[in-house]
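Step one of this worksheet: look at the structure below.
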Amino acid sequence: MRELESTLTRGDSTNEMATRYAYTLALRQTGRYDDAQQQIVRLLRSDPDRLAFRIEAAEIALAKGERAQAWRQFEEARQLYPDDFTLAMQYGRALATQGDPKLALRLLQPHLSRRPNDPLLYATYAQAAQRAGDMAATHATMAEYYYLNGELLPAIDQLESGLRNPGLSPNQEAQLRARLKQLRAEAVAQN
């Protein structure tokens, strides 16, 4: 962080915007939120539509405890980049942990079919589902998370746990049973 600060002070950066952005990230990570906010405001003045800057501004607001500001910034970014995966993940993760987990599910849901091999997406979706109280979705997406990480038995365990939840809809039960049948067949074929 000191090196980045020194480079900016001397003005000898080959790419001042990238150096300032790295400095902003370092400031936030070390808890210097007001300084980070000053830097991100400066970056946004020079490039107001850059998504990375908009996401970082929202992350800084969250770190400062300014949730309303963060949600507004995330929503403004979403208006500009409605289908962006990185934005959906950052915003979804923030909503799952500090905001509205049901909105997080709606943001992340379209990406499950677009990125069916992304374990981090499934873990983030599962976290939001758990916070939203949707245990069937929690177990189903955690099963996919484990499966994508090559952990077949924990994936099967997740589906079995999901089937033990009371209040499953017939559709949820059918989906869990169908996936459990597929994974059990794969487990048998591996042995």
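The values are calculated or read from the model by the stated rules, or taken from the named source; none is laboratory data. This is a predicted model, so every value here is computed, not measured. So basically every Cβ, Gly included, is an ideal-geometry build from the backbone, and we count neighbours across all protein chains shown. Heads up: the accessible areas ignore ligands, DNA and RNA and are worked out on the full protein's heavy atoms, side chains in. Shrake-Rupley method; radii C 1.70, N 1.55, O 1.52, S 1.80 Å.
Scanning the stretch 4-16 for any residue that is under 27 Å from the mean Cα position of the chain (by Cα) and under 22 Å from K64 (Cα atoms) turns up nothing. Of all residues in the stretch 150-159, exactly one satisfies the criterion of being open to solvent by 50 Å² or more (accessible area, probe 1.4 Å), part of a helix (DSSP H, G or I) and either under 17 Å from A126 (Cβ atoms) or at pLDDT below 95 (or both), namely D157. Checking each residue in the stretch 48-59 for being free of Cβ contacts under 8 Å to residues at least 24 places away in the same chain and either β-branched (V, I, T) or part of a helix (DSSP H, G or I) (or both) picks out only A57.
Kindly indicate whether P101 is of a type outside the set (V, I, T) and either surrounded by fewer than 19 Cβ atoms within 10 Å (Cβ to Cβ) or in contact with a strand residue (DSSP E or B) (Cβ under 9 Å, 6 or more places away or on another chain) (or both). No; evaluated as a whole, the condition is false for this residue. For the condition surrounded by 16 or more Cβ atoms within 10 Å (Cβ to Cβ), of a type in the set (D, E, K, R) and part of a helix (DSSP H, G or I), R42 does not qualify. When T141 is tested against (1) surrounded by 20 or more Cβ atoms within 10 Å (Cβ to Cβ); (2) in contact with an Asp or Glu (Cβ under 9 Å, 6 or more places away or on another chain), only condition (2) is not met.
Close Cβ contacts (under 7 Å, 6 or more residues apart or on different chains) running from residues in the stretch 60-88 that are more than 20 Å from L112 (Cβ to Cβ) and open to solvent by 70 Å² or more (accessible area, probe 1.4 Å) to residues that are assigned to a helix (DSSP H, G or I) and modelled with pLDDT under 95 comprise R67/Q98. Could you tell me how many of the residues in the stretch 164-191 are part of a helix (DSSP H, G or I) and surrounded by fewer than 15 Cβ atoms within 10 Å (Cβ to Cβ)? Adding up the residues that qualify gives 15. For the stretch 4-34, taking the residues that are under 10 Å from I60 (Cα atoms) and either among the charged types (D, E, K, R) or not in a helix (DSSP H, G or I) (or both), the one that is least open to solvent (accessible area, probe 1.4 Å) is identified as G31.
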